[in-house]
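Trainee: Dumping the structure here so I can ask a few things about it.
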């Protein structure tokens, strides 16, 4: 926190006069907060549009994650308002305000972790860290610049508050368009990353929000400091920083940053998309029994779900070995609003992907490329894997597969 001592107003006016320039009238803290909320809304809308709506739909099927997202957004808005108010002399932040903001964020973590299954692998944590900083960049820069229009007397505290607001918004965005926090270790990594963001923001506040300390410097020191302050101006640094933060935001939203390619899942999805255009069975498919008999004759397991009771019609099956000779079958079920593709493939060993997933009765359920997928290690028939794919939200898909399996 900046030191508090008597101010020599005559010297202060003399040293600050060089910074006087015509400026537009400063909007109230409430008006600037509304602009920041509109920016948050635009970022959320863009992220949902780029990522698709399946993650947003899945959010409403997870009450804990939904409440956590709401609490993180509330904490971000509250601390943003605190930061904007603190830029007005005499409206400094109090520790009870900080305590309430931290309590709301802690409650959000509690709701998230209480209802989350402990099945996310540790390898997913670095991606969440990268998303955190990418999601926080634009809100942090915009709020920091809005606060800099004022004169905060507690520059470091105000800077830390700006960082905390951006951190909470980034966590809310992670809840809405990405995977939720699953393991306590992942939560610890995110908290440490958030602490780093807040500390860096406090340091930025110390250097670029502390107008009073700059004006109180001795004349020689003030002249030396002037070059540093002039280097941080709207005409040069702010546009460059804004462009860099937008690039970082789009980078963490790119598909290549969400997950690595999974060949077996890609095969099932490609088979689904091809079936929508033209699916021609190449094995007898007049009934489930004749099709399974044909699969057995090609060395495949006589193992299949029947989605007929769930409103899907068996179109048929195809046996299409890969270019290296690996046997693969595609079974296509068509419904009124899409279909279900069932893939069987011979494998050397069962190595499930290291993505966040749900597990029910040894069936692994994933979200990948806007599809819901079920991965099964088919035992008793040799080394085979089955992948069921459909472009529907995860929870309805889980219900569909479990109803057909039980």
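The values are calculated or read from the model by the stated rules, or taken from the named source; none is laboratory data. Please read all numbers here as calculations on a predicted model, not as lab measurements. Ideal geometry is used to build each Cβ from the backbone, glycine not excepted, and the neighbour counts take in all protein chains shown.
Trainee: Quick check on my filter: what residues within the stretch 369-387 are under 16 Å from residue 269 (Cα atoms) and modelled with pLDDT under 85?
Mentor: 369, 370
Trainee: List pairs: first in the stretch 304-317 and in the same structural domain as residue 271 (by TED's automatic domain parsing), second assigned to a loop (DSSP other than H, G, I, E, B) and crowded, with 16+ Cβ neighbours inside 10 Å, Cβ under 6 Å, 6+ apart or cross-chain?
Mentor: As it stands, the answer is 315/279; 316/281; 316/285; 317/281; 317/283; 317/285, since those pairs meet every condition given.
Trainee: Sticking with this one: Kindly check whether there is at least one residue in the stretch 377-387 that is in contact (Cβ under 8 Å) with a residue 40 or more places away in the chain, under 28 Å from residue 287 (Cβ atoms) and touching a helix residue (DSSP H, G or I) at 6+ places or on another chain (Cβ under 7 Å).
Mentor: For the stretch 377-387, residues in contact (Cβ under 8 Å) with a residue 40 or more places away in the chain, under 28 Å from residue 287 (Cβ atoms) and touching a helix residue (DSSP H, G or I) at 6+ places or on another chain (Cβ under 7 Å): present.
Trainee: Read through the list (1) over 30 Å from residue 133 (Cα atoms); (2) modelled with pLDDT under 85; (3) not in a loop (DSSP other than H, G, I, E, B), then give the number of the only condition that residue 264 fails.
Mentor: The single condition residue 264 does not satisfy is (2).
Trainee: Scan the stretch 339-357 for residues that are at pLDDT below 85 and either outside the structural domain of residue 399 (by TED's automatic domain parsing) or in contact with a helix residue (DSSP H, G or I) (Cβ under 8 Å, 6 or more places away or on another chain) (or both) and jot them down.
Mentor: Matches in the stretch 339-357: 353, 354, 355, 356.
Trainee: Which count do you get for residues in the stretch 277-293 that are assigned to a helix (DSSP H, G or I) and touching a strand residue (DSSP E or B) at 6+ places or on another chain (Cβ under 7 Å)?
Mentor: Result for the stretch 277-293: 2.
Trainee: Now for a different question. From the list 138, 147, which one is over 15 Å from the mean Cα position of the chain (by Cα) and modelled with pLDDT of 70 or more?
Mentor: Going through 138, 147 in turn, the sole match is 147.
Trainee: Moving on to the next point. Please state which one of 212, 181, 198, 188 is buried (at least 22 other Cβ atoms within 10 Å of the Cβ) and either farther than 23 Å from residue 45 by Cβ or modelled with pLDDT under 75 (or both).
Mentor: Matching residue, one of 212, 181, 198, 188: 181.
Trainee: Moving to a separate point now. What are the residues in the stretch 265-285 that are buried (at least 19 other Cβ atoms within 10 Å of the Cβ) and within 12 Å of residue 389 (Cβ to Cβ), if any?
Mentor: Scanning the stretch 265-285 gives 265, 267, 268, 269, 271, 272, 275.
Trainee: Could we say that residue 48 is in a helix (DSSP H, G or I) and modelled with pLDDT under 85 here?
Mentor: Spelling it out, residue 48 is indeed in a helix (DSSP H, G or I) and modelled with pLDDT under 85.
Trainee: With the structure loaded, tell me whether residue 74 is at pLDDT below 80, surrounded by fewer than 20 Cβ atoms within 10 Å (Cβ to Cβ) and in a helix (DSSP H, G or I) or whether it fails that test.
Mentor: no
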